[in-house]
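Structure first, commentary second.
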Amino acid sequence: MKHFKKLINPYIVWSFFLIVVPLFLIVLYSITKGTSTLVNITFTPEHFKKIFEPVYLNVFFKSLQLGIITTIVCLTLGYPMAYIISKASESVQGILILLVTIPMWINTLLRTYAWISLLSDNGLINRLLSVMGIAPAHMMYTDFSVIMGLVCDLMPFMVIPIHTSLTKMDHSLVEAAADLGANKVQTFTKVILKLSLPGVISGITMVFLLSISTFVIPKLLGGAQYTLIGNLIEQQFISIGDWNFGSAISLILALIIIALMRFMNKIDPDEKGGE
Amino acid sequence: MNPYYIKEKKVSNTIIEIKGLTKNFDDQQVLRGIDLNIHENEFLTLLGPSGCGKTTILRIIAGFEEPSQGEVLFSGEDLTKIPSYKREVNTVFQKYSLFPFLNVYDNVAFGLNLKKVDKEIIHEKVTKMLGLVGLQGFEKRDVTLLSGGQQQRVAIARALVNEPKVLLLDEPLGALDAKLRKEMQTELKKIQQEVGITFIFVTHDQEEALSMSDTVVVLNDGVIQQIGTPIDIYNEPENRFVANFIGESNIIEGTMLDDCLVKFDDVEFVCVDKGFKKNEEIEVVLRPEDIKIVDLKDGQLRGKVVSEVFKGVHYEYIVQTDKRDYKVHTTEFYNLGIEVGMRLDPDDIHVMYTMEY
Ligand SMILES: Nc1ncnc2c1ncn2[C@@H]1O[C@H](COP(=O)(O)OP(=O)(O)OP(=O)(O)O)[C@@H](O)[C@H]1O
Ligand SMILES: [Mg+2]
């Protein structure tokens, strides 16, 4: 057995260079002055202070808000979808799950451009509306277009874990509920929903985390002035070149994510059982 | 005369009537024409080897499986038209099926909560029921962390607390140790008599079946082998399967010479069975404890003690005659190798029809 342990070593080296070193650099950048050189490092808390300026705080709030809305929309649409899929016969389920994942096979950029041609002022939807004699609606570069894009992009991350927890659910518990007098609705609310909670929790976690850290979709569907945390970080690194402030924001985002994951794990009933 | 008929008078109306019930899974026939009447307040046990269809019968009564053919009537009504949640039946599942996200108390209270029973009454009933199954003080415990036996008792409490007309129990005592099992047997029997619920009880433990039931139904391979009181089933097994399955027995081919006269191993015996054809080929069941060991000269059969095993209350001997080996149970001690005689009283000889298959 000892023998095999040696096989881990290359991975340890790799993870060291790919995870630990960059993380260390991010931390280092976030707490040092931009003028620092390798030999002359000056520490400063200024980057973290800067985050608390209203402009940047607003970006954080906006991101969290959008993340929450996206997650709620994904959950309300995704749960029924997963439930209906889980009721189908096994072979049909395979096909339906494949259909749910198909968007993931197509590049995000491409899919997002498709949204633009659908939603823009003289896009497909507006042209259809004007044919029907309805006043065109302005949809591009609004919260609506961004949420629409995010929901469609992230839906599989909600549907698949919920579907998995529904199909691996112990069906005899559904029978036990019926045996004790629960009708279809009661069985669903009192048993099935509770048993699918682990899937719901991992779905919520994934969709929320991905939606608050995304930057491609808000940039393309929200327009240039539409700034979320992801865009802010991208700006700092790519256009402004303030790596120190960019690192500080990344670090705060990482902390938010870690805190959320810990919280989600706490309320997951599966985690509790092992104590 | 026959104790079964005396019982039959005491037992009241039919509550469940099963007629010509068959069940196929894919191309496998699991139940092959079950006819069974279950009465109010009856303690009926389905007894049979693993895979003979006991659970399937319960699942059809509870509404989790549809019959392939045949009828199931509940108080005269066609049961198959009633969805399972409306049936006045509760089940103690073979695999317990407790709700992992609820604690012991809420598992037991599940059915009463659905019926919107007053919280105080629920509390009273659940507490009483938990006391009855010996789980007082376990209210707040996580069911997934209980032992198998404790989970089983929660399952019993969860079903029983609803006071259904019929309670289906699928091997409800299987996970308990011998002592607790005995206690729960007595307790269940007491509850059944006090509350006046019909119990349909599944077990493959014959001793449990005999000691608890009013009626035992012996099943094999989806076919009812015999229905009767425990005494009937034990004393008058109708065929080799029942004789073999219930208790230990010596089964011997013989000939029915006349009413009350049977011949096997070249010896004629007086018995109490009548109504067979003259010289009909039959099989005789001799329970090991019914064979009396006597002095060699007094024996109807003679043989040599070739094996002796101490079984606790009694010894089990194998007595070898020139025809076959007889299994004999007695509390007396005999040395290996001695020659003994064996005697049989007329009512210790049980004659049955030869099985066709
Ligand atoms: N859903 C099903 N699909 C296919 N076959 C089934 C199904 N349920 C039961 N069977 C088969 O039906 C037969 C009878 O099963 P059943 O569960 O009624 O047996 P049992 O008498 O309760 O046995 P045990 O004492 O082991 O619990 C078995 O051969 C089993 O494999
Ligand atoms: Mg079974």
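Enter the mean number of other protein chain beta carbons within 10 Å of the beta carbon of each residue in A:188-197, as an integer. Taking the mean over all residues of the peptide, I get 2. Placing a pseudo-label 7 Å from each Cα along the Cα-to-Cβ vector at B:Val309 and B:Ser50 gives an inter-label distance of 2.0 nm. Between B:Gly275, B:Gln151, A:Phe157, the Cα set farthest toward the positive side of the dipole of the protein assembly as shown (charges on each charged residue's Cβ, about the Cα centre) is that of A:Phe157. Annotation: for a label point projected 7 angstrom from Cα along Cα→Cβ of B:Glu289, residues of the stretch B:238-275 with backbone N closer than 13 Å are B:247-249. Take each residue in B:108-118, count the other chain C-beta atoms within 10 Å of its C-beta, and the mean is 3.
Sorting the segments A:58-67, A:80-89, A:96-105 by their residues' average number of neighbouring beta-carbon atoms within 10 angstrom, most packed first, yields A:58-67, A:80-89, A:96-105.
Number of Lys-Lys pairs in the stretch B:248-353 with C-alpha atoms under 17 Å apart and a separation of 8 or more places or on different chains: 9. Just to verify a number: what accessible area does A:Lys168 come out at with the full protein assembly present, 1.4 Å probe, Å² rounded to tens? Accessible area, nearest 10 Å²: 150 Å².
Modelled label positions at A:Ile116 and A:Gln65, each set 7 Å beyond Cα in the direction of Cβ, lie 2.6 nm from each other. Estimated at the nearest 10 Å², the accessible area of B:Arg32 is 100 Å² with a 1.4 Å probe.
Count the net charge of all other residues whose Cβ sits under 12 Å from the Cβ of A:Leu220, scoring Lys and Arg as +1 and Asp and Glu as -1. Summing Lys and Arg as +1 and Asp and Glu as -1 gives +1. How much FRET efficiency would the formula 1/(1 + (r/R0)^6) give for A:Leu99 and B:Glu339, where r is the Cβ-Cβ distance and R0 is 60 Å, rounded to 0.05? E(calc), rounded to 0.05, equals 0.10. So for chain B, averaging the separation of alpha carbon pairs under 8 Å that are six or more residues apart and normalising by length, what relative contact order in percent results? It rounds to 15 percent for chain B.
Among B:Pro164, B:Pro230, B:Ile34, flag the residue with its Cα farthest along the positive direction of the charge dipole of the stretch B:14-240, charges on Cβ as +1 for Lys/Arg and -1 for Asp/Glu. Ranked along the dipole, the leading option is B:Pro164. For the residues of B:313-319, the average number of beta carbons from a partner chain within 10 Å of their own beta carbon is 0.
Counting only complete DSSP H runs, which helices of chain A cover 30 Å or more along their long axis at the Cα atoms and score a mean Kyte-Doolittle of 1.0 or above? What comes out of the filter, once short or polar helices are dropped, is A:54-87, A:143-167, A:243-267. Comparing Cα centroids, the stretch B:128-155 and the stretch A:187-234 end up 41 angstrom apart. For the stretch A:57-271, the residue among A:Phe208, A:Val100, A:Ser130 whose Cα projects farthest onto the positive side of the dipole built from Cβ charges is A:Ser130. Solvent-accessible area of A:Met261, all protein chains in place: 90 Å² (probe radius 1.4 Å, heavy atoms, ligands and nucleic acids excluded).
Placing a label point 7 Å from the Cα of A:Gln186 along the Cα-to-Cβ direction, the residues of the stretch B:57-80 with a backbone N closer than 19 Å are B:62-64.
From the helices alone, meaning DSSP H stretches of at least four residues, give me the mean residue ellipticity at 222 nm for the protein assembly as shown, per-run term -39500 (n - 2.57), in deg cm²/dmol to the nearest 500.
-14000 deg cm²/dmol
If both residues of a DSSP beta bridge must be in the stretch B:14-240, then about 55% of such bridges are antiparallel. Annotation: peptides B:133-143, A:141-151, ranked by per-residue average of other Cβ atoms within 10 Å with the highest first, follow the order A:141-151, B:133-143. A Förster distance of 56 Å, applied to the separation of the beta-carbon atoms of A:Ile72 and B:Ser12, puts the FRET efficiency at 0.45.
Which part of the stretch B:334-348 falls in the paramagnetic zone of B:Thr321, meaning amide N under 14 Å from the point 7 Å along Cα-to-beta-carbon? The answer is B:340-346. Near B:Ile34, the amide H atoms lying under 5 Å from its own belong to B:Gly20, B:Leu21, B:Thr22; only residues 5 or more places off or on other chains count, and H is placed 1.01 Å from N. Residues whose amide H falls under 5 Å from that of B:Gln225, counting only those 5 or more places apart or on a different chain, are B:Val218, B:Leu219, B:Asn220, with hydrogens built in the peptide plane.
The values are calculated or read from the model by the stated rules, or taken from the named source; none is laboratory data. Note that this is a predicted model, so its numbers are computed, not measured. Glycine gets a Cβ as well: all are built from the backbone with ideal geometry, and neighbour counts include every protein chain shown. The area values use the complete protein model at the heavy-atom level, side chains included, leaving out ligands, DNA and RNA. Shrake-Rupley method; radii C 1.70, N 1.55, O 1.52, S 1.80 Å.
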